[in-house]
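Inspection log for the structure reproduced underneath, given as structure tokens.
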Amino acid sequence: MSTYFFAEGNIGSAPEFHEYPNGNEEPRRVLRLNVYFDNPVPVKDGYEDRGGFWRPVDWWHRDTEHWATLFKKGMRVVVLGREERDDWTDEDNNPRTTYRINARGVGIMPYRIEALTLSPKQGSSPDPELVGE
């Protein structure tokens with residue numbers, strides 16, 4: 001079972017990159033994030049979080065090894081994907097359920113970012129307007 005998911009939250013721990021063999025094919029790569037999706041509600045003195053929740057986020061993509069270096073704990077992100085239910089049994093043979101996000105994309109929100117450097121497109125020279133002096 002899965003449900004469409006789109007929300008904004010904060011990365012709660014350092015991202016984890018994993019690579020899995022895939023026979024003779026290119027290995028499968030995943031970036032694992034632990035994200036707190038808050039629910040800010042306006043109150044007299046600003047905002048109060050009501051009903052936020054943690055979710056593990058799995059982002060399968062060939063470039064996740066590079067992206068693991070870009071994402072940091074505390075960073076604000078927006079996640080697009082599917083929420084999936086994962087039923088499993090713990091070591092004491094008790095049934096457990098975990099809900100995780102199978103991400104299609106994870107975007108960095110610009111909060112607290114001090115600088116940004118873009119790499120040139122492959123096969124082209126850098127745009128002079130985007131290169132810092």
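The values are calculated or read from the model by the stated rules, or taken from the named source; none is laboratory data. Remember, it's a predicted structure, so these values are computed and weren't measured experimentally. Counting neighbours? That spans all protein chains shown, and the Cβs are built from the backbone with ideal geometry, glycine included. Note: accessible area is taken over every heavy atom of the protein model, side chains too, but ligands, DNA and RNA are not part of it. Shrake-Rupley method; radii C 1.70, N 1.55, O 1.52, S 1.80 Å.
Using only the C-alpha atoms, the convex hull of the range 55-94 corresponds to 139 Å³ per residue.
Within a straight-line Cα-Cα reach of under 16 Å, LYS121 can be paired with the following aspartates and glutamates, leaving aside sequence neighbours fewer than 8 residues apart in one chain: ASP63, GLU129. The alpha carbon gyration tensor of the range 1-57 gives principal lengths a ≥ b ≥ c with a/c of 1.5 or higher and a/b greater than b/c, which makes the shape prolate.
Here the accessible area of the chain is 48 percent carbon and sulfur, with a 1.4 angstrom probe and all protein chains present. For THR97, the shell of other residues with beta-carbons less than 9 Å away shows a net charge of 0, using +1 for Lys and Arg and -1 for Asp and Glu. Averaged per residue, the chain has 76 square angstrom of accessible surface, using a 1.4 angstrom probe with ligands and nucleic acids left out.
Here is how the number arises for the chain: DSSP H runs of 4 or more residues each give -39500 (n - 2.57), the sum is divided by the residue count, and the result at 222 nm is -1500 deg cm²/dmol. Placing unit charges on each Cβ (+1 for Lys and Arg, -1 for Asp and Glu) gives the range 1-106 a dipole about its Cα centre, and among ILE101, MET75, TYR20 the Cα reaching farthest toward its positive end belongs to MET75.
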